[in-house]
Amino acid sequence: MTEWGTAGFETRAIHAGQEPDPQTGAVVPPVYQVSTYAQDGVGGLRGGYEYSRSGNPTRTALEECLASLEGGARGLAFASGLAAEDTLLRTVCAPGAHAIIGNDAYGGTYRLFARIAEPWGLEHTPVDLTDLDAVRRAVRPGATRVIWAETPTNPLLTVVDIAALAQVAHEAGALLVVDNTFASPYLQQPLALGADVVVHSTTKYLGGHSDVIGGALVVADPDLGERLAYHQNAMGSVPGPWDSWLVLRGIKTLGVRMDRHCSNAREVVSLLLDHPRVTEVFYPGLPSARGHEAATRQMRDFGGMVSFRVAGGEQEAVDICGRTKVFTLGESLGGVESLIEHPGRMTHASAAGSPLEVPDDLVRLSVGIETVDDLVADLKQALG
Ligand SMILES: Cc1ncc(COP(=O)(O)O)c(C=O)c1O
């Protein structure tokens, strides 16, 4: 991997961790569909592998590539984004600890904190992470172990200032965790801005084709990487070799896909801004967006996610989701195909009644890489 360390992003996406197979010359890492490895005498491992929960060569290729793209010391792949999050929390927190989380975040992440981590003993405080004074006030000296930020957030697309938040976290003796799923490492690299851990749902832009569920952690500190690798093996929520291979294949085209996601999203935003039935548009590229200034500093471009509110309330938002033809109504995001959803009833249903509840007239778009005129025409007819 190291020889690709100074290469450009797209070169690393295609080559880091993915040397041609030494035995056959295969230019793509093989799918090592295997659970165990022959030993030459007890403990005599041939290639460093003994059992595929602990390590698998296809997964290693993915993990090395992820570390390279995020500029980290260690990358670790998981069976899902939430599996990565759970493993991280149980590694860096203990019962009695405290976490600060954003008050706008993926509903499943909130559910993990509220329904799984809280009964285990990890308390959390939801805070507006763009308000650094509020973050400082929420710190519990000696107890706050983690500040957990999504940026841009899901679904309101607020951008938080990673460098400033890292400083607050480190003053408090806490780790800054950044969920980089919406931006992908092509648009934003949180470790270079001072974050300690990057989280991904590789299900999204990294995989990119809506054909795999996966997660990842990338860390700057090799010792933390070691501890996480211990928990990864001990807890066992690892991806299989096929899933690792699918994510790795998706990553090869991440840069070109993201460029198209971003330019298509810009066109969609222009339509929404001019539409009389749209009351508010959420997109980090708008000068009025929360965190726009931070976005211009820390992101290469503004991404492919767009949310908007509509006149007519919840029923109208739900109806619009049912009227599109090119945008498929479905959960998830970050694939080549455009998706539309109603966060209140779908991805964020688990945040209902909590500080993370989302507006009921909100529609979220994952703008894909289809012909942009078709996307704009589809939304026009759905909006009426
Ligand atoms: C920002 C964000 N983080 C984490 C996750 C969880 O990832 P997964 O569904 O792969 O478990 C999601 C899923 O939608 C997400 O949107």
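The values are calculated or read from the model by the stated rules, or taken from the named source; none is laboratory data. Just so you know, these numbers come straight off a predicted model, no measurement behind them. FYI the Cβ positions are ideal-geometry reconstructions off the backbone, even for glycines, and counts take in every protein chain you see.
Below, the figures for the structure above:
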quantity	calculated
Every pair of residues 6+ apart whose Cβ atoms lie under 8 Å, when the first sits in the range 202-217 and is closer than 12 Å to G335 by Cβ and in contact (Cβ under 8 Å) with a residue 24 or more places away in the chain while the second is surrounded by fewer than 21 Cβ atoms within 10 Å (Cβ to Cβ) and of a type in the set (D, E, K, R)	S210/E337
Members of the range 38-67 that are in contact with a strand residue (DSSP E or B) (Cβ under 6 Å, 6 or more places away or on another chain) and surrounded by 21 or more Cβ atoms within 10 Å (Cβ to Cβ)	R59, L62, E63, L66, A67
Any hit, the range 79-89, residues being away from the ligand (no atom under 16 Å from the Cβ) and over 18 Å from S354 (Cα atoms)	no
Hits in the range 135-153 (condition: under 19 Å from E357 (Cα atoms) and either in contact with an Asp or Glu (Cβ under 9 Å, 6 or more places away or on another chain) or more than 16 Å from the ligand (Cβ to nearest atom) (or both))	W148, A149, E150, T151, T153
The range 90-128: number of residues that are at positive phi and near the ligand (Cβ under 10 Å from one of its atoms)	0
Counted residues, the range 170-195 - those being assigned to a helix (DSSP H, G or I) and either crowded, with 24+ Cβ neighbours inside 10 Å or hydroxyl-bearing (S, T, Y) (or both)	6
Single condition A234 does not satisfy, out of (1) in contact (Cβ under 8 Å) with a residue 60 or more places away in the chain; (2) over 17 Å from P57 (Cβ atoms)	(1)
Members of the range 253-300 found to be assigned to a loop (DSSP other than H, G, I, E, B) and within 18 Å of L339 (Cβ to Cβ), listed by number	Y283
Hits in the range 334-377 (condition: of a type in the set (G, A, S), part of a loop (DSSP other than H, G, I, E, B) and modelled with pLDDT of 95 or more)	G334, G335, S338, G344, G368
In the range 124-142, the residues that are surrounded by fewer than 16 Cβ atoms within 10 Å (Cβ to Cβ) and either over 21 Å from R290 (Cβ atoms) or modelled with pLDDT under 95 (or both)	R140, P141, G142
Selection status of V306, assigned by TED's automatic domain parsing to the domain that holds A77, in contact (Cβ under 8 Å) with a residue 60 or more places away in the chain and among the hydrophobic types (A, V, I, L, M, F, W, C)	no
Qualifying positions in the range 68-123 - acidic (D, E) and surrounded by fewer than 24 Cβ atoms within 10 Å (Cβ to Cβ)	D86, E118, E123
Matching residues in the range 107-151 - criterion: being among the hydrophobic types (A, V, I, L, M, F, W, C), in a loop (DSSP other than H, G, I, E, B) and more than 12 Å from A97 (Cβ to Cβ)	L129, V139
The lone exception for V198 - which of (1) free of Cβ contacts under 8 Å to residues at least 12 places away in the same chain; (2) buried (at least 20 other Cβ atoms within 10 Å of the Cβ) it fails	(1)
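Okay, residues lined up against (1) part of a loop (DSSP other than H, G, I, E, B); (2) under 18 Å from A105 (Cβ atoms); (3) within 11 Å of the ligand (Cβ to nearest atom); (4) of a type in the set (K, R):
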| residue | (1), (2), (3), (4) |
| --- | --- |
| P155 | yes, yes, yes, no |
| V160 | yes, yes, no, no |
| V168 | no, yes, no, no |
| H200 | no, yes, yes, no |
| L206 | yes, no, yes, no |
| D223 | no, no, no, no |
| W242 | no, no, no, no |
| L246 | no, no, no, no |
| I251 | no, no, no, no |
